[in-house]
Amino acid sequence: MPIVKNVTCPICGTFCDDIELTVKKNKVVDVKNACAMGEAKFLNYSDPHHRNLNPLIRRNGTLVETSWTEAIKKSAKILAEASYPLLYGWSSTCCEAISAGIELAEEIGGVIDNTSSVCHGPSILSIQDVGISTCTLGQIRHRADLIIYWGSDPYSAHPRHLERYTAFTEGRFQPSEWKRYVSRLRGVIGKKKLERASQLALMEEFSVPPITGNQFPPTLETEKERKLIVIDARRTHSAEFADYFVQVEPNKDYELLQAMRMLVKNEELEVEKVAGVPVGVLEKIVDVMIGCKFGVLFFGVGLTMSSGKLRNIDAALALTRDLNFATKFVIMPMRGHFNVTGANMVSIWQTGYPFSVDFSQGFPFYNPGETSAVDILSRDESDAALVIASDPVANFPRVAAQNLVKNPLIVIDPEKSATALMADVVLPSTFVGIEAEGIAYRMDGVPLPLKRVVKPPKGLLSDEEILRRILREVRKLKRSQRRSNA
Amino acid sequence: MQKMKVTLLSGRTINQGTGKEHGKTSQEYYESVAICEVDTNDLDALGIKDGANIKVSTEFGSIIVKAKESIRGPHPGIIYMPYGPWINAVANPTTHSTGMPSFKGIHAEIEPATSAERVLPLHELLKQAFGKE
Ligand code: SF4
């Protein structure tokens, strides 16, 4: 049976590139190296119950099968006739498709927004304001001796991040922290489960009390090897892996970040607690941060989605900058989808802006808060939409989703998502990274190829091909309109 | 009926992650997402059993999901729901001019669901919210 090696995993921003797939009769039958999420995708993606296998169009309230020609024509007509169409999604497809999408947005004078507006959009706004000190994940893997996750639960959202790039990886200059964690685990769970300790640790339903509160481990300050600190409003599974867990009160991250900045600058805090964290403990954490050789702060949507949003990121970026006066420190957003970084990159090349780009005035205009998908929808301004490779009906707040569904809606998706079920036209595409090739950008901005390991089901087109066909049809419509006007 | 004021957080879970890769219309996805993790003592105080139906309300709407006893407690006054269509019935759409709605730290109330209230499967939830099938 052929084994395909070095496959990239088209799911989360970790974008692992070491997956091994066994392919039998054009079907993936075995998956090596992937996490549970990756494995579930490679083994189940082709399940016909959850897949769109034919172009669909809504007639008398129900979705019925149609031909590609009709589906493309209908989509082009909807988009060409709309006065303020929204093109949304993009983070789970390849750069080539995104590039075609931007061309389409320009042609129809619409708004093109990718999922970063509801994910790390605030981080991007803040990076544009403050600047960022960052590096690639390879650097971190080999050199970082202090790893902090703030408002991010890698165990759940980026399952192999810890093992591939940070605390639990064997770097050239930094050993893995795994052994230390397992020996602590043994102390906690008793002799009976001793042998199973390391397997248990990775199970979802397994929980041990994290080291937190006043139990600040004294060795953390003297420890030379890799250390892991997790800061979150909620005790996550990742928090239990950490050498120390800081529980911040919900919506108080900003206070905590600014308090840390004060301590880095040797100022006194004249309170007992900040955001629920005793100042004594906070001082120790800051000492560990200043004392490390190469520190990294990964931050997740726990910071961008809670109160303060981009201002939280301002403070985190500024804290990193301050720390660089004492040691080396970098910071990186934990990007969610495997190509959300690529969506920003391509958008920057072609329009100058990373997301929420409005072409309605004939030139690219960028003002998140005004030209971002949730805002446009909440204000009920768009009159048609094309959604690709994302599921806003499931993931947007109710009012925004309702206004999206109310107007003509085109969906390009291999899967039957909630959004596809609500669409007026469904264009079934191939799974990029499994059935189609492309390029995507890992969270640290490193581009990697997406492989084609099996042949797609008959009659399905790639995201890029579908968009190019719509674009051609739109141009045709516009030409004939111009001719009839002349 | 007794109610309790709480703070609602939402986010990813590994089960939601694998559930969605089984397919958005799959049973795995439904079971991993139409839930709400609550602190053990809070559940007791409301007289809700692990796995029973619970009603979560915010100023933006209300939704019935399955209550799940949190294994990562204690976190009194904090409830947690995975991303998905169910949480979005109650999420805060305000973006404060950033483009980003507030998915975390939402003021909410929880109470036991009445016997007439049940957890809607995806199709019914969509039909109820958007009037389409
Ligand atoms: S960590 Fe992310 S990229 Fe890596 S295998 Fe899991 S889902 Fe795929």
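The values are calculated or read from the model by the stated rules, or taken from the named source; none is laboratory data. What you are looking at is a predicted structure, and each value in this text was computed from that prediction instead of being measured. Glycine also receives a Cβ, built like all others from the backbone with ideal geometry; neighbour counts cover every protein chain displayed. Accessible surface areas use protein heavy atoms only, side chains included; no ligands, DNA or RNA. Shrake-Rupley method; radii C 1.70, N 1.55, O 1.52, S 1.80 Å.
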Problem - Cα coordinate range in the stretch A:328-486, projected on the principal axes (Å, largest first) - result: 62, 42, 34
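Just to check, using Stokes-Einstein with a Kirkwood Rh over alpha carbon pairs, what's the diffusion coefficient of the stretch A:1-119 at 25 °C and 0.890 mPa s in µm²/s?
Approximately 141 µm²/s, per Stokes-Einstein.
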Completion exercise
per DSSP, antiparallel bridges as share of beta bridges in chain A, % nearest 5, sits at 40 percent
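Could you work out [θ]222 nm for chain B from helices alone, using -39500 (n - 2.57) per DSSP H run of at least four and dividing by all its residues? Round to the nearest 500 deg cm²/dmol. Before the final figure, lay out the partial values.
Working: 4 runs with 31 residues, N = 133.
So the calculated ellipticity at 222 nm is -6000 deg cm²/dmol.
Taking both sides together, what accessible area is buried at the B/A interface, probe 1.4 Å, expressed in Å² and rounded to the nearest 100? Intermediate results must be reported in sequence, preceding the final value.
Values: alone 7810 and 21130 Å², together 24090 Å².
Heavy-atom accessible area buried at this interface is about 4800 Å².
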Practice task
Please give the average number of partner chain Cβ atoms lying within 10 Å of the Cβ of each residue in A:415-422, rounded to a whole number.
Solution key: 6
Problem - Furthest towards positive pole of dipole, B:Pro93, B:Ile79, B:Leu9, structure part the stretch B:4-130, Cβ charges - result: B:Pro93
Problem - Which of A:Val271, A:Ile434, A:Gly459, positive extreme of dipole for chain A (C-beta unit charges) - result: A:Gly459
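Could you please report the charge total around B:His96, scoring K, R as +1 and D, E as -1 over all other residues with beta-carbon less than 12 angstrom from its beta-carbon?
Details: positive: A:Lys309, A:Arg311; negative: A:Asp375.
The answer is +1.
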Handout entry: Dipole of chain A, positive end: most advanced residue of A:Ile78, A:Ile348, A:Gly110 [Cβ charges, Cα centre]
Key = A:Ile78
Problem - Angle in degrees between helix A:463-485 and the longest Cα principal axis of chain A, rounded to the nearest 10 - result: 40 degrees
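Rounded to a whole number, what is D in µm²/s for the stretch B:4-130 from Stokes-Einstein with the Kirkwood radius over alpha-carbon pairs (37 °C, 0.692 mPa s)? Mind dumping the intermediate values first?
Values: Rh = 14.7 Å.
Stokes-Einstein gives a translational diffusion coefficient of 223 µm²/s.
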Practice task
May I ask for the angle, rounded to the nearest 10°, between helix A:178-189 and the longest principal axis of chain A, with both axes built from Cα atoms and the value confined to 0 to 90°?
Solution key: 70 degrees
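May I ask which of A:Lys406/B:Lys20; A:Lys179/A:Lys455; A:Lys265/B:Lys104; A:Lys451/B:Lys20; A:Lys74/B:Lys24 have a Cα-Cα span longer than 32 Å here?
Numbers: A:Lys406/B:Lys20 25 Å; A:Lys179/A:Lys455 42 Å; A:Lys265/B:Lys104 30 Å; A:Lys451/B:Lys20 22 Å; A:Lys74/B:Lys24 26 Å.
Pairs exceeding 32 Å: A:Lys179/A:Lys455.
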Fill in the blank from the handout: Across A:389-402, the residue-averaged tally of Cβ atoms belonging to other chains within 10 Å stands at 6
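Counting only heavy atoms of protein chains, what accessible area per residue, in Å², does the protein assembly as shown have with a probe of 1.4 Å? Before the final figure, lay out each step's value.
Numbers: 24090 Å² over 619 residues.
Per-residue value: 39 Å².
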Completion exercise
Counting other chain Cβ atoms within 10 Å of each Cβ in A:302-310 and taking the mean gives 5
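Can you tell me the dipole magnitude for chain A around its Cα centre, using point charges on the Cβ only (Lys, Arg +1; Asp, Glu -1), in Debye to the nearest 20? Display every interim value, and only then the final one.
Values: 59 positive and 57 negative charges, 315 e Å.
The calculated dipole for chain A is roughly 1520 debye.
Can you send over the carbon and sulfur percentage of the accessible area for chain A, probe radius 1.4 Å, protein chains only? Don't skip to the answer; put the middle values down first.
Values: 9420 of 18780 Å².
That share works out to 50 percent.
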Handout entry: Whole-number D in µm² s⁻¹ for chain A, Kirkwood Cα-pair radius fed into Stokes-Einstein, 20 °C, 1.002 mPa s
Key = 89 µm²/s
Problem - Value of relative contact order over the stretch A:121-333, rounded to a whole percent, pairs C-alpha under 8 Å and six or more apart - result: 30 percent
Completion exercise
Taking the alpha-carbon centre of each part, the distance from the stretch B:68-117 to the stretch A:1-58 in Å is 31 Å
Practice task
Place the peptides A:52-63, A:156-167 in order of packing, highest mean first, counting for every residue the other Cβ atoms within 10 Å and averaging per peptide.
Solution key: A:156-167, A:52-63
Fill in the blank from the handout: Computed about the Cα centre, the charge dipole of the stretch A:121-333 from +1 Lys/Arg and -1 Asp/Glu charges at the Cβ has a magnitude in debye, to the nearest 20, of 840 debye
Problem - Area accessible to solvent at A:Glu221, 1.4 Å probe radius, in Å² - result: 90 Å²
Exercise for the section: Report the percentage of all Cα-Cα pairs in the stretch A:121-333 whose separation exceeds 25 Å, rounded to a whole percent. Expected result: 34 percent
Handout entry: 13 Å beta-carbon shell around A:Asp253, net charge (K/R +1, D/E -1)
Key = +2
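Using unit Cβ charges (K, R positive; D, E negative) and no other charged atoms, how large, in debye to the nearest 20, is the dipole of the stretch B:4-130 about its Cα centre?
Values: 12 positive and 14 negative charges, 64 e Å.
About 300 debye.
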